[in-house]
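The values are calculated or read from the model by the stated rules, or taken from the named source; none is laboratory data. Just so it is clear, the structure is predicted and the values come from calculations on it, not from any experiment. Every residue, glycine among them, receives a Cβ derived from its backbone with ideal geometry; neighbour counts consider all protein chains shown. Note: accessible area is taken over every heavy atom of the protein model, side chains too, but ligands, DNA and RNA are not part of it. Shrake-Rupley method; radii C 1.70, N 1.55, O 1.52, S 1.80 Å.
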Amino acid sequence: MLTRTQWRSLLRACETSTLRALSAELDSVDRRPGGRGLDGAAERLAARLHEAGADEVELQSFATGPEQRYLGWSVERRICTEQAELWLVEPSGETLLCRQSDEPGCCLGALRSTPDEGELFEVVDVGPGTRAADYRSHRLAGKVALATAEGAEAVLLEALAQRQAEGLLLATRPGARDDGRSPLRLGPPSLFGGHRPFAFRLRAAAHERLLRRLARGEVVQVRVRLRTRMETGEAPLLAGTLRGSDRSSEQVALVASLADDESALAAAALIELVRVTSELVTRGVLPPPSRSLRLLLVPGALGSAAWLQATPASGRDLRCVLQLSVATHAGPTALEVVAPPPLHPSFVPDLLAATFHAAAAAEASEDAAPEIRRRGYQVGAPVAPFLSLGASRPALWLRAQLAHPTLAETSAEGDGARGARWLLAGLAGAAYELATLTEVDLPRLLCQSQLLGAERLVTRLARCRRDRPEPEEDTEAAVAARHALWRTEHVLQEGLRQERAVLQSCATFLGGAGAFGLRLAEAQGELDQCGQALGRAVSSELAATLPAGARLSVKRRPLSPLERRASELTVVPTFDGLPAIPSLLEDARPDDQLWLAHHVDPLANQPTGELLLAWVGDGTTLLELHDRLELEHPGTELKLLWRYLEVLEGAGIVRLEPATRTTEA
């Protein structure tokens, strides 16, 4: 770890004024995917990287379109909306309901342009708009649908793809923050065949105004003005390297997206990180890092996949990936460390937490330590392209939140400036630490992760303790207690497997345990003993729940009919490439598309996507898959999981086959 003197030097070297200037430069350009402003911005950022001290700066461009595929990821050139206006036509004149230039999130997308004077459409209220019954009394050809449901994805497919409405006016969800922004988008042209619709998001006041007029039996008309263009078909990819000393072929990658709304600060922070690190190494405050620091500014996840495709040919050894996103908000500065999937646990989240705490401690005299939260892996995280079924490369997502208004501050002592300086110092220190670790650091890393691993085991078993059945004098209580014991051992075994993998990842990252192999074995043995002792303690508590004279044994409760059928099916992966599924909605069959759209909210809380596919294979049954996923995501529904796998089967990603063995009840 860095010394306190080095931390203070690092904090003093971080200049928030440079960060503000770089962020403002990115905010001033069009950063939408396929936007024309990205190419010019990437060229200016390349010059900034040279000035910051990067040894190698490469500005590349890769083609996008349906004919291009990167590691199994396909992309379709999309239509960008340059101008979008929605006007309400009234006897007294036209009233503006929303305009994209005033509210960037009001237009969810448009697949065609209109004449300069716009086009006139009648509005039809379809209620929730998520069921076939909503459309039975309406003909939507040449009209615009007004929907009020929360299932926005389902409305888009039902109203526009199935019912061929010219457009959709989607109301703000009840109770949602009305900030004029939404992650929902219309989707690629292939979803709608030859149809070319548009979609707007209405604020609550505008929605109520339309509903009142329709309730009075009036004919409601809107005028729409749209100007669109096709994406350029080329996307910039900027890479820069701060070369390491004796292990320069090994790289620690730092990634930010140029196109995302919340990544202007992230891209600026990474460039500033290169400058600060280079400056401190030049001044002799820090020794040169042994591994290379690789900076990537990419146009979204596809850019990461495109860069990865070229990486093996260049002989680079990618050791770790940190994906950064930064947003401003009204609260205090905070950092979320989103961990890798459970299939590939790593010591890196533990190291990052310790490093950022050290950065906060060095600034303790100025402000309280910012909050650092550790979150489990989130399906669809931007690190997905860096995850591979055959590699244990740690890929983490750092989500920083700075006190608002960071960019508008003129005082260097404001909360936002302190938070930005702490973020820069913590990120630079973490990257430098990962680039300088050697086998000598192995005992420290093992001890750090071992202690935190014991805490995580306690948390897992505490959940089992909370779920234990209450003592009752009947047979059902005995069955429940034995099943609780089975679940406890299941939780313990899976927890120990993950913690052993965390310890092993220390040696894997360093290229082998070498002389410290005994230390690694000792750490794993101590962790196993701690876990077994915790398991025995929970088992003793469970024994007290049994009726007098009942025998405590490990036994799962009898399988339900659905579980028994699930135990007779194996899930075989057929997807050749990365386990991520970025375009599933376009690849699925039409009926499956509607089912996915209707169940997008419950699926968001399930371990789907790349996380689910990471567990399949080697004769894994559907029931075993559900049991394992349920440990990481309590409340996983077997029926929902089964239907989702059927969707994946229809898209050619997995195959469900009869099992050669069954799970015993």
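Count of the stretch 340-351 residues, restricted to those that are open to solvent by 10 Å² or more (accessible area, probe 1.4 Å) and modelled with pLDDT of 80 or more, is 2. Within the stretch 435-449, restricting attention to residues that are open to solvent by less than 30 Å² (accessible area, probe 1.4 Å) and under 21 Å from Q498 (Cβ atoms), the residue that is nearest to the chain's Cα centre (by Cα) is S449. Just one of (1) under 30 Å from R294 (Cβ atoms); (2) over 32 Å from the mean Cα position of the chain (by Cα); (3) among the basic types (K, R) fails for R212. It is (1).
So in the stretch 97-109, with the set limited to residues that are without any contact (Cβ under 8 Å) to a residue 24 or more places away in the chain and surrounded by 15 or more Cβ atoms within 10 Å (Cβ to Cβ), which one is nearest to R216 (Cα to Cα)?
As a first pass, look at the stretch 97-109 and keep what is without any contact (Cβ under 8 Å) to a residue 24 or more places away in the chain: 99-102.
Those left that are additionally surrounded by 15 or more Cβ atoms within 10 Å (Cβ to Cβ): 99-100.
Values: R99: 26, Q100: 29 Å.
Within the stretch 97-109, the match that is nearest to R216 (Cα to Cα) is R99.
Only one of (1) surrounded by fewer than 17 Cβ atoms within 10 Å (Cβ to Cβ); (2) at pLDDT below 90 is not met by R112, so which one is it? Here R112 meets the rest and fails (2). T406 meets all of the listed conditions (1) among the hydroxyl-bearing types (S, T, Y); (2) open to solvent by 10 Å² or more (accessible area, probe 1.4 Å); (3) at pLDDT below 75 but one, namely (2). Pairing residues of the stretch 614-625 that are part of a loop (DSSP other than H, G, I, E, B) with residues that are of a type in the set (V, I, T), at Cβ distances under 6 Å and at least 6 apart in sequence or on separate chains, gives V616/V571; G619/T570; T620/V571. Quick check, is L258 touching a Pro at 6+ places or on another chain (Cβ under 9 Å) and over 23 Å from V348 (Cβ atoms)? Against the criterion (touching a Pro at 6+ places or on another chain (Cβ under 9 Å) and over 23 Å from V348 (Cβ atoms)), L258 qualifies.
So which residues in the stretch 445-466 are among the charged types (D, E, K, R) and in contact (Cβ under 8 Å) with a residue 12 or more places away in the chain? Reasoning before the result, please.
Within the stretch 445-466, the subset among the charged types (D, E, K, R) is 455-456, 460, 463, 465-466.
Within the stretch 445-466, R456, R460, R463, R465 meet the criteria.
One residue alone among A133, A159 is at pLDDT 90 or above, farther than 16 Å from L97 by Cα and of a type in the set (A, V, I, L, M, F, W, C), and that residue is A159.
In the stretch 22-40, the qualifying residues are those that are in a helix (DSSP H, G or I) and open to solvent by less than 50 Å² (accessible area, probe 1.4 Å), and the one that is modelled with the lowest pLDDT is G37.
Collect the residues in the stretch 244-278 that are of a type in the set (S, T, Y) and open to solvent by 10 Å² or more (accessible area, probe 1.4 Å), keeping them in residue-number order.
So the first thing to find is which residues in the stretch 244-278 are of a type in the set (S, T, Y), and the list is 245, 248-249, 257, 263, 277-278.
Answer for the stretch 244-278, where residues must be of a type in the set (S, T, Y) and open to solvent by 10 Å² or more (accessible area, probe 1.4 Å): S245, S248, S249, S278.
Can you name the residue in the stretch 279-295 that is under 26 Å from E43 (Cα atoms) and surrounded by 23 or more Cβ atoms within 10 Å (Cβ to Cβ) and, of all such residues, is farthest from the chain's Cα centre (by Cα)? Within the stretch 279-295, the match that is farthest from the chain's Cα centre (by Cα) is S292.
Can you tell me which residue is modelled with the highest pLDDT among those in the stretch 454-481 that are assigned to a helix (DSSP H, G or I) and touching a Pro at 6+ places or on another chain (Cβ under 9 Å)?
Keep residues of the stretch 454-481 that are assigned to a helix (DSSP H, G or I), which gives 454-466, 475-481.
From the residues that got through so far, the ones that are touching a Pro at 6+ places or on another chain (Cβ under 9 Å) too are 463, 475-481.
Details: R463: 79, T475: 55, E476: 61, A477: 66, A478: 72, V479: 76, A480: 75, A481: 76.
Among them, the one singled out is R463.
Each residue in the stretch 577-607 was checked for being at pLDDT 75 or above and either closer than 19 Å to A132 by Cα or touching a Gly at 6+ places or on another chain (Cβ under 7 Å) (or both), and 13 of them qualify.
Only one residue in G525, G512, G517 is modelled with pLDDT under 75, surrounded by fewer than 21 Cβ atoms within 10 Å (Cβ to Cβ) and under 37 Å from the mean Cα position of the chain (by Cα). Which one? Step through it out loud before you land on a result.
Working: G525 fails: modelled with pLDDT under 75; G517 fails: modelled with pLDDT under 75.
Exactly one residue qualifies, and that residue is G512.
Scanning the stretch 376-395 for residues that are closer than 18 Å to L603 by Cα, of a type in the set (G, A, S) and at pLDDT 75 or above turns up G376, A381, A384. Exactly one residue out of A330, A354, A359, A368 is open to solvent by 20 Å² or more (accessible area, probe 1.4 Å) and either under 19 Å from L452 (Cβ atoms) or modelled with pLDDT of 80 or more (or both): that is A354. Checked against the criterion of being in a loop (DSSP other than H, G, I, E, B), modelled with pLDDT of 85 or more and charged (D, E, K, R), the candidates R181, R139 yield just one match: R139.
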